[in-house]
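The values are calculated or read from the model by the stated rules, or taken from the named source; none is laboratory data. Small disclaimer: the values here were computed from a predicted structure and weren't measured. As a convention, Cβ positions derive from the backbone with ideal geometry for all residues, glycine included, and neighbour counts pool all protein chains shown. Side chains included, ligands, DNA and RNA excluded: accessible areas come from the protein's heavy atoms. Shrake-Rupley method; radii C 1.70, N 1.55, O 1.52, S 1.80 Å.
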Amino acid sequence: MLNRNKHYIALSSIILLATGCSPSSDAASSSSISDYQGSATITQGLAKTVVSNLFECENGRSRVAGIGEITDSEGNVWTVPANNHFTTAPKATDLYEECAKITPKNLTDKDETSVPVTVIDTDGEEITGYIFADNYFELYINGTLTVVDTVPFTPFNSSIVKFKVKKPYTIAVKVIDWEENLGLGTENNRGKGYHPGDGGFIASFSDGTVTGSDWQAQTFYTAPIYDLTCLSEVEGQRLSAKCSTEGTDHGENAYAAHWKTPSNWMSKEFNSASWPQATLYTEDEIGVNNKKSYMNFIEKFSGAGASFIWSSNVVLDNEVLLRYEVK
Ligand SMILES: [Ca+2]
Ligand SMILES: [Ca+2]
Ligand SMILES: [Ca+2]
């Protein structure tokens, strides 16, 4: 089967090798794939949509949460914004979810006794977690996929989870900043057709565990990139602080950087020693002050001592894996 992206990338690489010139077809891209030296695999342009929309909002509006595939110059297929288990995994219990008309004003309006308990260890401690993600999370405890977010993109929602486990245990979370322009890392927002959007994740647990800078966060998908020379790597960190985070109306030829996720990244035994520490973000930076799914339960988020975390770039890094060991 012909894949236009693969052929475009392969052809442009040959031309660039032959001429040493930058592509003239895209004024926004000032460097080429063949010049890129880092550990990521680079793709360019829009992915092929393979799932048009994972989620329909029954009561209200939501952004279209599609899934795409894009093939790199070596024939590897990348799923964007990321591989996920939304359609198959157990869903988290909604703390606040407008599409389901679950909109308590505070925690006392919420019946927590009906939240199902995932048993990791039968003789473990029962722990309750409170989670808010921009936009989507999948929670693993000791490598077991415990629950996933009920809303992949928008509206913003929050979740409760209960599990039974013995210490020490490992929390691993896949977080996805979803995108409308699949493979380009952008959405129609703030008057721009290709706005990069941002992520953010915060959680607290009844055993005192909270998200913070002692969590680890590694990046697996960074987009949009308009100039590949802005990417760098230092001691395992996949850095993009020099890359533009501006929206544009001409983002259709953006590059994306992909890294393969290790198959056992969520397991207790996985060695994440090379992963960077998580970066902290303020509530203002994430922009939650107008979001009831967060503010109505703030006592379980920043009020519990938890901080918003992500990788080093909360705008451009769209698939991030988090790990934390509870001692
Ligand atoms: Ca969500
Ligand atoms: Ca983003
Ligand atoms: Ca987002």
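Looking at the range 116-138, is at least one residue assigned to a loop (DSSP other than H, G, I, E, B), touching a residue at least 24 places away in the same chain (Cβ under 8 Å), of a type outside the set (Ser, Thr, Tyr) and within 16 Å of ligand 3 (Cβ to nearest atom)? Looking for residues that are assigned to a loop (DSSP other than H, G, I, E, B), touching a residue at least 24 places away in the same chain (Cβ under 8 Å), of a type outside the set (Ser, Thr, Tyr) and within 16 Å of ligand 3 (Cβ to nearest atom), one finds at least one in the range 116-138, hence yes. Scanning the range 306-323 for residues that are away from ligand 3 (no atom under 15 Å from the Cβ) and either without any contact (Cβ under 8 Å) to a residue 24 or more places away in the chain or touching a Gly at 6+ places or on another chain (Cβ under 8 Å) (or both) yields a count of 2.
With the condition kept exactly as written, say whether any residue in the range 257-275 is buried (at least 21 other Cβ atoms within 10 Å of the Cβ), within 16 Å of ligand 3 (Cβ to nearest atom) and more than 14 Å from the chain's Cα centre (by Cα). The answer is no, given that none of the residues of the range 257-275 is buried (at least 21 other Cβ atoms within 10 Å of the Cβ), within 16 Å of ligand 3 (Cβ to nearest atom) and more than 14 Å from the chain's Cα centre (by Cα).
When we screen Glu319, Glu325 for residues that are open to solvent by 30 Å² or more (accessible area, probe 1.4 Å), in contact with a Pro (Cβ under 7 Å, 6 or more places away or on another chain) and in a strand (DSSP E or B), the only hit is Glu325. The set of residues in the range 37-58 being buried (at least 16 other Cβ atoms within 10 Å of the Cβ), in a strand (DSSP E or B) and either aliphatic (A, V, I, L, M) or modelled with pLDDT under 95 (or both) consists of Ile42 alone. Inspection of the range 217-232 finds no residue satisfying the criterion of being touching a strand residue (DSSP E or B) at 6+ places or on another chain (Cβ under 9 Å), open to solvent by 30 Å² or more (accessible area, probe 1.4 Å), under 19 Å from Ser159 (Cα atoms) and assigned to a strand (DSSP E or B). Taking (1) within 16 Å of ligand 3 (Cβ to nearest atom); (2) part of a strand (DSSP E or B) in turn, Val147 satisfies each apart from (1). Among the residues making up the range 156-179, those that are polar (S, T, N, Q) and surrounded by 21 or more Cβ atoms within 10 Å (Cβ to Cβ) are Asn157, Ser158, Ser159. Residues that are β-branched (Val, Ile, Thr) and more than 15 Å from ligand 2 (Cβ to nearest atom) within the range 196-229 comprise Ile202, Thr209, Val210, Thr211, Thr229, listed in sequence order. Contact map, the range 198-217: first residue more than 28 Å from Ser244 (Cα to Cα), second residue within 16 Å of ligand 1 (Cβ to nearest atom) and at pLDDT below 95, Cβ cut-off under 8 Å, separation 6 or more or different chains; the map is empty. Just one residue in the set Thr211, Thr186 is within 16 Å of ligand 1 (Cβ to nearest atom) and among the hydroxyl-bearing types (Ser, Thr, Tyr); that residue is Thr211. None of Gly200, Gly183, Gly212 is within 20 Å of the chain's Cα centre (by Cα), at pLDDT 95 or above and within 14 Å of ligand 3 (Cβ to nearest atom) except Gly200.
For the range 150-195, which positions are closer than 27 Å to Glu325 by Cα and either within 16 Å of ligand 2 (Cβ to nearest atom) or small (Gly, Ala, Ser) (or both)? Hits for the range 150-195 are Pro152, Ser158, Ser159, Ala172, Lys174, Val175, Ile176, Asp177, Trp178. As for the range 128-140, it holds no residue that is out of contact with any Gly (no Cβ under 7 Å at 6 or more places or on another chain), more than 27 Å from Gly305 (Cβ to Cβ) and crowded, with 22+ Cβ neighbours inside 10 Å.
Rundown of residues vs (1) within 25 Å of Leu145 (Cα to Cα); (2) within 16 Å of ligand 2 (Cβ to nearest atom); (3) among the hydrophobic types (A, V, I, L, M, F, W, C); (4) not in a loop (DSSP other than H, G, I, E, B), yes/no style:
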{"site": "Ser274", "(1), (2), (3), (4)": "yes, no, no, no"}
{"site": "Asp284", "(1), (2), (3), (4)": "no, no, no, yes"}
{"site": "Asn289", "(1), (2), (3), (4)": "no, no, no, no"}
{"site": "Ser293", "(1), (2), (3), (4)": "yes, no, no, yes"}
{"site": "Glu299", "(1), (2), (3), (4)": "no, no, no, yes"}
{"site": "Gly303", "(1), (2), (3), (4)": "no, no, no, yes"}
{"site": "Val315", "(1), (2), (3), (4)": "no, yes, yes, no"}
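If only residues of the range 94-112 that are at negative phi and among the basic types (Lys, Arg) are counted, the one that is least open to solvent (accessible area, probe 1.4 Å) is Lys110. Of all residues being β-branched (Val, Ile, Thr) and under 22 Å from Val151 (Cα atoms) in the range 180-209, which is surrounded by the fewest Cβ atoms within 10 Å (Cβ to Cβ)? Just the residue, please. Residue satisfying both the conditions and the ranking: Thr186.
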